[in-house]
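The values are calculated or read from the model by the stated rules, or taken from the named source; none is laboratory data. This one's a predicted model, so the numbers in the text were calculated from it and none came from an experiment. For neighbour counting, all protein chains shown are included, and Cβ atoms are generated from backbone atoms with ideal geometry for every residue, glycine included. Accessible surface areas use protein heavy atoms only, side chains included; no ligands, DNA or RNA. Shrake-Rupley method; radii C 1.70, N 1.55, O 1.52, S 1.80 Å.
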Amino acid sequence: MQLSDFDYHLPEELIAQHPAEIRDQSRLLVLGRENGSVSHRRFYDLPAYLIPGDTLVFNDTRVIPARLVGTKADTGGKVEVFLLNRLADDRWETLVRPGRKLRPGTVVSFGDDLSGEILAVTDFGGRVVRFSFSGIFEEVLDRLGETPLPPYIHEQLKDKERYQTVYSRERGSAAAPTAGLHFTDKLLSSLAEKSINMAFITLHVGLGTFRPVSTENILDHKMHREYYSIPPAAADTVNRAKERGGRIIAVGTTAVRTLETVARDGRIEAGGGWTDIFIYPGYRFKMVDALLTNFHLPKSTLLMLVSALAGRENVLAAYREAVAERYRFFSFGDAMLII
């Protein structure tokens, strides 16, 4: 299977530069898994497509101010460090710029309360950094770090909470699980009143979700690992729903990847760990029945995952219709329900 099989034309003006004024008033394209049927709705219409006993699985990760700008202690040269995965209290996997000048042993200063030493080069070209800081790391990061936005967003975000879901709790992501950005507290309440189950799991979004595919044969692509955690209450909710024949509807590709990583014999187990699962057409889903997601970049692993669930031709046809209908794409864009 070739990378070019997952390409499509997207006019640049359809890349959303800011979120919808009201979260749940974004558009919703509903795609039928089996026949490729397409309907055009609003996100607040979601309850019409769910029935009592369905279970929505949310990723409750919270974006951290993961971008740090500092200077090399020896030369004063400007350095950018992007936090990906926490390995220990003081050690992180990171991306750095300029990479070629940040060799092991280099010390970077980010201010009076924070510095970092490059310990090692990772297999994906990043760096392991050991930080030295005064006080509590999270508080230092809140003061010195910046919330990163995807590179295709060129406008400043006035309200940083619009790059967080309303149910975000567990700090640790380098990027938002964007499918969840459409939910409001009011919509969540209406779903609960309709007896729609809700389970909250965590996957800290890092390089694995967004790393570009650089090989023409997609089977040669290697995913980077990301950390997940499933509380006992969430596992119980999902397992009871599955036993009763209810549908498991993942909110976002990160929820899909977590559920499919831990699924065994129609059940999931509580716990935490790392996943580097790569889902592409031909994959047989063990747990997920339906998916809420945004519109993804051409040639991305996210588009491949969506194609695995609904069929590549169905998905690309739906994307062509979304372009024709002037949907808004990517992180701050509109949504798709595959059901």
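Sort out which residues of the range 253-287 are buried (at least 24 other Cβ atoms within 10 Å of the Cβ), under 27 Å from Glu321 (Cβ atoms) and among the hydrophobic types (A, V, I, L, M, F, W, C), and write them in order of number.
Across the range 253-287, the qualifying residues are Ala255, Val256.
Of everything in the range 81-95, what is open to solvent by less than 20 Å² (accessible area, probe 1.4 Å), among the hydrophobic types (A, V, I, L, M, F, W, C) and either closer than 15 Å to Glu146 by Cα or without any contact (Cβ under 8 Å) to a residue 12 or more places away in the chain (or both)? Give them in sequence order.
Result: Val81, Leu83, Leu84.
Using the structure shown, decide if Gly246 is part of a loop (DSSP other than H, G, I, E, B) and among the small types (Gly, Ala, Ser).
Yes.
What number of residues in the range 183-194 are open to solvent by less than 60 Å² (accessible area, probe 1.4 Å) and either in contact with a Leu (Cβ under 8 Å, 6 or more places away or on another chain) or at positive phi (or both)?
Of the residues in that region, 2 qualify.
Check Arg257, Arg284 and return the single one that is modelled with pLDDT of 95 or more and over 19 Å from the mean Cα position of the chain (by Cα).
Details: Arg257 fails: over 19 Å from the mean Cα position of the chain (by Cα).
Of Arg257, Arg284, the one residue that is modelled with pLDDT of 95 or more and over 19 Å from the mean Cα position of the chain (by Cα) is Arg284.
So Arg100 passes all but one of these: (1) over 30 Å from Ile196 (Cα atoms); (2) buried (at least 20 other Cβ atoms within 10 Å of the Cβ). Which condition number does it fail?
Against the list (1) over 30 Å from Ile196 (Cα atoms); (2) buried (at least 20 other Cβ atoms within 10 Å of the Cβ), Arg100 comes up short only on (2).
I'd like to verify a number: residues in the range 184-239 that are of a type outside the set (D, E, K, R) and part of a loop (DSSP other than H, G, I, E, B), how many?
Counting residues in the range 184-239 that are of a type outside the set (D, E, K, R) and part of a loop (DSSP other than H, G, I, E, B) gives 14.
Being more than 22 Å from Asp60 (Cα to Cα) and of a type outside the set (Phe, Trp, Tyr) is the requirement here; does Ala270 meet it?
For Ala270, the condition - more than 22 Å from Asp60 (Cα to Cα) and of a type outside the set (Phe, Trp, Tyr) - is not met.
Which one of these is hydrophobic (A, V, I, L, M, F, W, C) and in contact with a Gly (Cβ under 6 Å, 6 or more places away or on another chain): Ala66, Ala16, Ala48?
Ala16
Which of the following residues is in a helix (DSSP H, G or I), at pLDDT below 95, open to solvent by 60 Å² or more (accessible area, probe 1.4 Å) and not hydroxyl-bearing (Ser, Thr, Tyr): Asp123, Asp142?
When all the criteria are applied, what remains is Asp142.
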